[in-house]
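In what follows, a structure is listed as structure tokens, so that the remarks can point back to it.
Every number in this text was worked out from the coordinates using simple rules, so none of it is lab data. What you see is a predicted model, and the numbers here were worked out from it, not measured in a lab. Cβ placement follows ideal geometry from the backbone for every residue including glycine, while neighbour counts extend to all protein chains displayed.
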Amino acid sequence: MSTKSHPTAEWLYEEVKKEIPNIRLGTVYRNLRLMKRQGEILELEQTGTYRRFDGNPANHYHFRCDECARVFDERVEKNTGFKVSHHRLEFRGLCRDCQTA
Ligand SMILES: [Zn+2]
Ligand SMILES: [Zn+2]
């Protein structure tokens with residue numbers, strides 16, 4: 001929940017393994033599915049090989065870098081009082097690292 005990197009299940013598995021060495025990838029997937037169903041996390045739409053997850057379930061916009069495929073949060077003001085069920089806007093382009101690379 002604390003990472004802002006929109007991690008893949010595989011990345012989360014490697015992180016959790018540091019604290020729970022005998023955990024299985026299947027357990028990580030199962031918990032991600034459960035957390036998604038309970039609205040605690042979001043699953044981002046798959047555009048590459050890996051699915052990515054978001055520890056912030058509130059509505060916010062994403063920027064996805066075309067070069068490194070990382071996903072960044074874009075802040076959006078929510079002061080309309082509208083009840084938004086979901087959204088699908090995503091900005092694409094090159095992040096700072098990839099512009100200079
Ligand atoms: Zn990039
Ligand atoms: Zn996000």
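Side notes on the structure shown:
- In nm, spacing of pseudo-spin labels at Tyr50 and Arg70 (7 Å Cα→C-beta vector): 1.3
- Evaluated over the stretch 6-54, the Cα radius of gyration and Dmax, each in Å: 10.8, 30
- Taking a straight line from the alpha carbon of Lys17, not one of the aspartates and glutamates sits under 17 Å away once near neighbours fewer than eight places off in the same chain are left out.
- Potential extension, Thr100-Trp11 segment - 0.36 nm per residue separation minus Cα distance: 29.5 nm
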